[in-house]
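First the structure, in the form of structure tokens, and then the observations on it.
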Ligand SMILES: Cc1ncc(C[n+]2csc(CCOP(=O)(O)OP(=O)(O)O)c2C)c(N)n1
Ligand code: SF4
């Protein structure tokens, strides 16, 4: 007789790598939490179906925000409630892949309520695993749409009152009123027989997605001992006694057998076709002749950082726009946060020959640091061998890295000499071109009227770009 082999399914990573140097082989979930059980059922299915390599998991905001640290799949972590929207794009763009959206009840039923309804109504090809633990777990136990009547949460301290707070939302039943979904079930994790039923439902939803049958959703009742303020055993019993009467288990719909497979890529337009429809002309842009550049600056991931008012986002936009005119694929990703009130503002720009996988320059080839906090914050993430271009007018401290190329440029000082501090952003653009050799000076200056239409300071901007460019041509890097 064969002995049982206990090991992690290959659908999981070997270790949970939350922070570099802090790799763990154990979960971040609380003891008794249902998320871990559901993760395991999914990871086992991925291994058994041999689809780990072609699965893309969309993680939500919530306690399962770190799902991407566990699953050995392609991963996206998305804005709160937007998993179905991102899953739609990923599924349509990659019709051969298996797309899974994993969401909690705050994520799916509250802030993302409309997204899930629309994705289900369109019958998008995806498997959605919806963890209903009747509460917001991650943020410390606020009321969710699924919170039971009378249930105490931090936002319903006297118990959920339907007169003021509404009734528990039955998501599976709600989506079952739509025409398009192929499979909708509600299962639970509170005991072994129900975990087995959840296992089957998980596999059915994933199988449907592999077969391109359309939209499948499994609502999974799941324990949250920490916020229910119970131990693990009492939490399981609470599901049995309190949740099941409100959220009955079972398969609400299964049209898997009769549903016709979606034609792969049926709704994707050819890129050239899009260009023609939008009258973008050949290649979508006026391509300038590309320049000979050092390989280290080929396909740069750029982060631009400084304080609000330094034109950080404009620098990024200008670099991306000029890159586009050279016929590169480009992206510009601004970061809006409390930075808007005076701290560090930043954006990421990718200028690539190939497809841009992710628009966030988490390990930039080039950092343009316009003030001291931004240099101190981002110097450490520059790719070894990359480049730091910093505003030496405002940054009086020295960079610390010895494995990168360092360019101190008095960006604000040059702009002041030209008579207007505001054009420091254009000095930075010129300096970037001078350092990297990616763009020609005359090309940038020629594009300025189109980059900032209606701005009366084109001439001053041109002077600023030239000054930044020429400074880096004459100055020596460190
Ligand atoms: C746009 C936005 N709004 C609010 C939050 C705060 N927030 C983080 S997680 C969460 C709710 C998570 O609850 P749920 O989806 O039920 O997942 P659980 O943690 O219970 O697994 C909220 C409101 C946020 N991160 N982003
Ligand atoms: S707070 Fe609740 S949902 Fe979050 S990990 Fe802990 S038990 Fe799980």
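No value in this document is a laboratory result; all are computed from the given coordinates. What you are looking at is a predicted structure, and each value in this text was computed from that prediction instead of being measured. Heads up, the Cβs are rebuilt from the backbone with ideal geometry, glycines too, and the neighbour counts pull from every protein chain shown.
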- Message: Among DSSP bridges having both ends in region 316-407, what percentage is antiparallel? Round to the nearest 5.
- Response: 50 percent
- Query: For the chain, what relative contact order do you get, as a whole percent, if you take Cα pairs closer than 8 Å and at least 6 residues apart?
  - Reply: 9 percent
- Fully extended contour minus Cα-Cα distance, from residue 278 to residue 241, at 0.36 nm per residue: 7.5 nm
- Relative counts (whole %) of C-alpha pair distances in region 16-254, using bins that are 5 Å wide: 1, 7, 15, 20, 22, 17, 11, 5, 2, 0, 0
- Query: What is the gain in length, in nm to one decimal, between residue 7 and residue 164 on full extension, counting 0.36 nm per residue of separation less the C-alpha to C-alpha distance?
  - Reply: 51.7 nm
- Message: With angles folded into 0 to 90 degrees, how steeply does helix 312-325 sit against the dominant principal axis of the chain? Use alpha carbons for both and round to 10.
- Response: 80 degrees
- Length-normalised contact order of region 16-254, Cα under 8 Å, at least 6 apart, in percent, tallies to 19 percent
- Task: For the chain, restrict the atom set to alpha-carbon positions and state the Rg and Dmax in Å.
- Result: 26.5, 86
- Item | Stokes-Einstein translational diffusion, region 284-474 - Kirkwood Rh over all Cα pairs, 0.890 mPa s, 25 °C, in µm²/s | 151 µm²/s
- Item | Length-normalised contact order for region 50-115 - Cα pairs under 8 Å, 6+ apart - percent | 40 percent
- Under the 7 Å Cα-to-Cβ spin-label approximation, residue 75 and residue 355 lie apart by a distance in nanometres of 2.0 nm
- Task: Using Cα centres only, tell me the gap between region 421-468 and region 59-135 in whole Å.
- Result: 42 Å
- Message: Taking 45 Å as R0, compute the FRET efficiency from the Cβ-Cβ separation of residue 176 and residue 298 and round it to 0.05.
- Response: 0.30
- On Cα atoms only, tilt of 424-436 relative to the major axis of the chain in degrees: 90 degrees
- Exposure proxy check: 177, 374, 348 ranked by fewest other beta carbons within 10 Å? 177, 348, 374
- Query: Quick one: of the DSSP bridges fully inside the chain, what percent are antiparallel, nearest 5?
  - Reply: 35 percent
- Item | FRET efficiency for residue 23 and residue 257, using Cβ-Cβ distance with R0 set to 60 Å, rounded to 0.05 | 0.85
- Query: At residue 114 and residue 93, where each label point lies 7 Å from the Cα along Cα→Cβ, what is the point-to-point distance in nanometres?
  - Reply: 2.3 nm
- Query: In degrees, nearest 10, range 0 to 90: what is the angle between the Cα axis of helix 192-210 and the longest Cα principal axis of the chain?
  - Reply: 50 degrees
- Query: Which whole-number value in Å³ per residue fits the convex hull of the alpha carbons of region 23-108?
  - Reply: 93 Å³
- With -39,500 (n - 2.57) per DSSP H segment of 4 or more residues and division by the full residue count of the chain, the 222 nm estimate, nearest 500 deg cm²/dmol, is -9500 deg cm²/dmol
- Message: Suppose we keep just the DSSP beta bridges with both residues in region 16-254; what percent of those would be antiparallel, to 5?
- Response: 25 percent
